[in-house]
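Colleague: There's a structure below that I have some questions on.
The values are calculated or read from the model by the stated rules, or taken from the named source; none is laboratory data. Nothing here was measured: the structure is a model prediction, and the numbers come from that model. Please note: Cβ atoms are built from the backbone with ideal geometry, for glycine as well, and neighbour counts cover all protein chains shown. Ligands, DNA and RNA are excluded from the accessible area calculation, which covers all protein heavy atoms including side chains. Shrake-Rupley method; radii C 1.70, N 1.55, O 1.52, S 1.80 Å.
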Amino acid sequence: MMKDTSQETTAAALPEGALPVQTVIDELRSLYPQARYDLNFSTPLELLVATLLAAQCTDKRVNAVTVDLFQKYRSAEDYATVSQEELEQDIIKTGFYRQKAKQIRAACQYLLLHHNGEVPQTMADMVKIPGVGRKTANVVLGNAYGITEGFIVDTHVARLIKRFGWTQQDDAVKAEREIMNLVPQQEWLSLAHRIIYHGRAVCVARSPRCAQCTLAAVCPSSTTRQ
């Protein structure tokens, strides 16, 4: 595990004018103490499948679909051997179901071939799975295994870390690398979840609710600052 980063080192590494990292950690911990990844799962494989289904779909809709899906499909072999057409019908309500069915089947076929049907526990192995990038790998490793090798950068996180002034990167992988150098590793998973909650509740995409935000006074992107 990476050693803890001191507050002084974190502050010194920040771009000029950026929102202080510790301020964000403390405030979002206070606002969202129970923040968690909102997809329901009971095994690493279920989380992998749910995360693949969540692309351009709400967590609520995915959770509604996986109630029955996870009863029907219990193993990587179940997904790998079902027909494309049948799996499509089982996940149709998540949208983009043809591509998602192809991804899930290919991923599970890969798991059977290379990992005895089990989801691996390293980033290097995870990103070799068809359809799995660093974001999905970070989600599964962190939430299913408690292994934190990186920082989850979804659309909410990508938006907020730019507004905080922590990065100007549009590329998610480059942005993740910068954030990993700013935020202490023990905060990576919990802070990512809390940023996602804040991005949904307050710092929304089109019209951020800066007047309701307790970070507005020190946020470089706040519309309420004079």
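Colleague: Tell me which lysines have Cα within less than 18 Å of residue 60's Cα, excluding those fewer than 8 residues away on the same chain?
Modeller: The qualifying lysines are 93, 100.
Colleague: Averaged over every viewing direction, what's the projected area of the C-alpha convex hull for the stretch 60-177? Give it in nm², one decimal, please.
Modeller: Projected area, direction-averaged: 8.0 nm².
Colleague: Right, next: Using a 1.4 Å probe, what is the accessible area per residue for the stretch 1-139, in Å²?
Modeller: Ligands and nucleic acids excluded, the figure is 54 Å² per residue.
Colleague: Beyond 29 Å, how much of the Cα-Cα pair distribution for the chain remains, as a whole percent?
Modeller: Values: 7977 of 25425 pairs.
Result for the distance tail: 31 percent.
Colleague: Under 15 Å from the 7 Å Cα→Cβ point of residue 96, by amide nitrogen: which residues of the stretch 127-169?
Modeller: Zone members listed by number: 131-137, 154-156.
Colleague: Here is a follow-up. Roughly how many nanometres apart are two label points built 7 Å out from the Cα toward the Cβ at residue 64 and residue 77?
Modeller: My value for the distance between the label points is 3.4 nm.
Colleague: Continuing with the same structure: What percentage of the solvent-accessible surface of the chain, computed with a 1.4 Å probe over protein heavy atoms, is contributed by carbon and sulfur atoms?
Modeller: For the chain, the apolar C and S fraction of the accessible surface comes to 49 percent.
Colleague: Straight-line reach only, C-alpha to C-alpha below 15 angstrom: list the aspartates and glutamates that residue 162 could link to, leaving out same-chain residues fewer than 8 apart.
Modeller: 16, 154, 170, 171, 176, 178
Colleague: Is the shape of the stretch 112-226 best called rounded, prolate or oblate, per the rule: a/c under 1.5 gives rounded, else a/b larger than b/c gives prolate, else oblate, with a ≥ b ≥ c the square roots of the Cα gyration tensor eigenvalues?
Modeller: Because a/c hits 1.5 or more and a/b exceeds b/c, the stretch 112-226 counts as prolate.
Colleague: Continuing with the same structure: Normalise the Debye intensity by I(0) for the stretch 9-134, one equal point scatterer per Cα, no solvent, then take log10 at q = 0.12, 0.15, 0.16 Å⁻¹ and round to two decimals.
Modeller: -0.56, -0.74, -0.80
Colleague: Karplus couplings for the stretch 82-90 from phi (6.51 cos²θ - 1.76 cosθ + 1.60, θ = phi - 60°), rounded to Hz, Gly and Pro as x?
Modeller: 5, 6, 4, 5, 5, 5, 4, 5, 6
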